[in-house]
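The values are calculated or read from the model by the stated rules, or taken from the named source; none is laboratory data. Keep in mind that what you see is a predicted model, and the values were worked out from it rather than measured. Backbone-built Cβ (ideal geometry, glycine too); neighbour counts: all protein chains shown.
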Amino acid sequence: MVEARYGQNGRRQYQHADRKIRAIIRARGDECGICGGEINYTAQQYEPDAFEVDHLVPISRGGTETLRKQQGNTSTMQSVALQHRRR
């Protein structure tokens, strides 16, 4: 399993495996795994329809860094999913 690394600014630093999974999902052109909507793969980070990768089972709960355990989402749906998981 790949261990997450964090920079001095507290943001997660992507490793080679992370970038490879993101590239595969982007190349496939997957729809949002939560709402089924279209993902704008060219949008800048933090735009509402930008591309985010979501772990189906969070790493903190035993999830793994494999392609089968991740899906592409829009930033908006990712925020909704994170708020739902925190409850």
Note to self: Need pairs with beta-carbon distance below 8 Å; first residue under 19 Å from Gly63 (Cβ atoms) and basic (Lys, Arg) and within region 3-29, second outside any loop (DSSP other than H, G, I, E, B) and modelled with pLDDT of 80 or more; sequence gap 6+ or separate chains.
What the structure shows: Arg22/Phe51; Arg22/Val53
Margin query: Just to be sure I understand the filter: pairs with C-beta atoms under 6 Å, separated by 6 or more residues or on different chains, first member in region 52-80 and without any contact (Cβ under 8 Å) to a residue 12 or more places away in the chain, second member among the basic types (Lys, Arg). Which pairs pass?
Written below: Gly63/Lys69
Next item on the list: Confirm whether Asp30 is within 25 Å of His16 (Cα to Cα), among the charged types (D, E, K, R) and either in a loop (DSSP other than H, G, I, E, B) or touching a Cys at 6+ places or on another chain (Cβ under 7 Å) (or both).
Entry: yes
